[in-house]
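The values are calculated or read from the model by the stated rules, or taken from the named source; none is laboratory data. For clarity, every value in this text was computed on a predicted model and none was experimentally measured. A quick note on method: Cβ atoms are made from the backbone with ideal geometry, for glycine too, and the neighbour counts reach across all protein chains shown. Just so you know, the surface numbers come from the protein's heavy atoms only, side chains and all, with ligands and any DNA or RNA stripped out. Shrake-Rupley method; radii C 1.70, N 1.55, O 1.52, S 1.80 Å.
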Amino acid sequence: MKILAIETSAKSVSAAVVEGGVPLASAYQNMGLTHSVTLMPLIDSMLKNAGLTELLHDFYTLTGLKLCIFDTDFEECASTPIKLYPFCARMRENPEFERRCHSCDAAHMQTCRRTRKPVQYRCHAGLTEYLAPLYYEGVIVAFICIGQATNGRDAEFHTIAAYAAQFGIDEEECRSLYNCLLYTSPSPRDSTSS
């Protein structure tokens with residue numbers, strides 16, 4: 001059974017569709033308008049995106065890779081799983097690391113926009129990500145990002161651990177978080193980082 005959950009007790013409004021305890025879609029808005037103005041358009045938009053979210057979930061189920069859709073302003077509008085991987089969640093507790101993540105994502109989406117081609121790269125923390133523009137009638141309307149993956153090699157881990165140490169993560173904790181990531185065999189063709 002699918003459940004539509006709505007939260008309107010504060011100034012902001014949020015809604016989610018859940019099935020069997022798994023979130024299929026969610027939305028949040030804090031525009032300072034009354035709920036009578038924002039709630040129904042928010043739910044309508046979220047339900048239209050629910051099909052996209054189910055597709056993202058199916059991809060994640062098959063590959064184990066997180067998949068995010070970003071709009072043309074580089075804002076995330078859908079992802080599966082909704083939660084970050086443990087490595088990224090722990091690292092993003094640090095505001096500077098969080099800022100670098102957003103900056104890295106935006107820089108590679110700008111490259112995608114300029115070249116109109118997909119790009120495979122290492123994020124600022126050293127994880128592999130794949131990014132591609134999505135088109136509608138020849139116009140880029142969004143970006144899809146797939147990641148984060150590792151090659152599972154010690155050299156890669158030590159580079160990532162050295163970077164994580166700058167943010168207060170010791171090698172033992174980093175190893176535990178790193179081991180939760182998906183290993184992939186190919187190394188990135190474009191190993192640039194931001």
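Less than 15 Å Cβ to Cβ from Ile169, Lys/Arg counted +1 and Asp/Glu -1: what total charge do the surrounding residues give?
Numbers: positive: Arg90, Arg92, Arg100, Arg175; negative: Glu93, Glu96, Glu98, Asp170, Glu171, Glu172, Glu173.
With Lys, Arg at +1 and Asp, Glu at -1, the neighbours total -3.
How many Å² of accessible area per residue for the chain, probe 1.4 Å?
On the way: 10810 Å² over 194 residues.
It amounts to 56 Å² per residue over the chain.
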Problem - Solvent exposure ordering (accessible area, 1.4 Å, most first) of Thr34, Thr150, Thr63 - result: Thr34, Thr63, Thr150
Practice task
Work out from phi, with θ = phi - 60° and the Karplus expression 6.51 cos²θ - 1.76 cosθ + 1.60, the ³J(HN,Hα) of each residue of region 121-129, listed in order in whole Hz, and give x for Gly and Pro.
Solution key: 8, 9, 5, 4, 8, x, 8, 7, 9
Practice task
Specify the residue with the greatest mean-square fluctuation among Leu62, Leu177, Leu39, computed from a Gaussian network of the chain linking alpha-carbon atoms under 10 Å apart.
Solution key: Leu62
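Could you order Val17, Val141 so the one with the most accessible surface comes first? Probe is 1.4 Å.
Val141, Val17
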Fill in the blank from the handout: Candidates for log10 I(q)/I(0) by the Debye sum over Cα atoms at q = 0.10, 0.16, 0.17, 0.19 Å⁻¹ are (1) -0.48, -1.11, -1.20, -1.35; (2) -0.68, -0.99, -1.05, -1.20; (3) -0.52, -1.02, -1.08, -1.20, and the calculated one carries label (1)
Fill in the blank from the handout: For Arg99, the net charge from surrounding residues (Cβ-Cβ under 13 Å; K, R +1; D, E -1) works out to -2
Practice task
For Phe74 and Val37, calculate 0.36 nm times their separation in residues minus their Cα-Cα distance, and state this gained length in nm to one decimal.
Solution key: 10.7 nm
Fill in the blank from the handout: A chain fully extended from Thr61 to Gln166 at 0.36 nm per residue, minus the present Cα-Cα distance, gains in nm 34.5 nm
Fill in the blank from the handout: Contact order relative to length for the chain, counting C-alpha pairs under 8 Å separated by 6 or more residues, stands in percent at 16
Problem - Value of [θ]222 nm, deg cm²/dmol, for the chain, DSSP H segments ≥ 4, -39500 (n - 2.57) each, nearest 500 - result: -13000 deg cm²/dmol
Completion exercise
Heavy-atom accessible area of Glu54, protein chains in place, probe 1.4 angstrom, given in Å² to nearest 10, is 70
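Which of the helices in the chain, when you take each full DSSP H run, stretch at least 18 Å along the axis at their Cα atoms and have an average Kyte-Doolittle score of -0.5 or higher?
On the way: long enough: 35-63 (40 Å, 0.40); 95-115 (30 Å, -1.26).
Those that clear 18 Å and a mean of -0.5 are 35-63.
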Exercise for the section: At 1.4 Å probe size, with no ligands or nucleic acids counted, give the accessible surface of Tyr163 in Å², nearest ten. Expected result: 40
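Could you order Asp170, Asp71 so the one with the most accessible surface comes first? Probe is 1.4 Å.
On the way: Asp170 90, Asp71 50 Å².
Ranked from most to least accessible, the order is Asp170, Asp71.
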Handout entry: Spacing of the two label points (7 Å from each Cα toward its C-beta) at Asn151 and Thr111, in nm
Key = 1.6
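Within the chain, count lysine pairs with alpha carbon atoms under 23 angstrom apart where the residues are 8 or more positions apart or belong to different chains. Intermediate values should be presented prior to the final figure.
Working: Lys2/Lys48; Lys2/Lys66; Lys2/Lys83; Lys48/Lys66; Lys48/Lys83; Lys66/Lys83; Lys66/Lys117.
Within the chain, the lysine pair count is 7.
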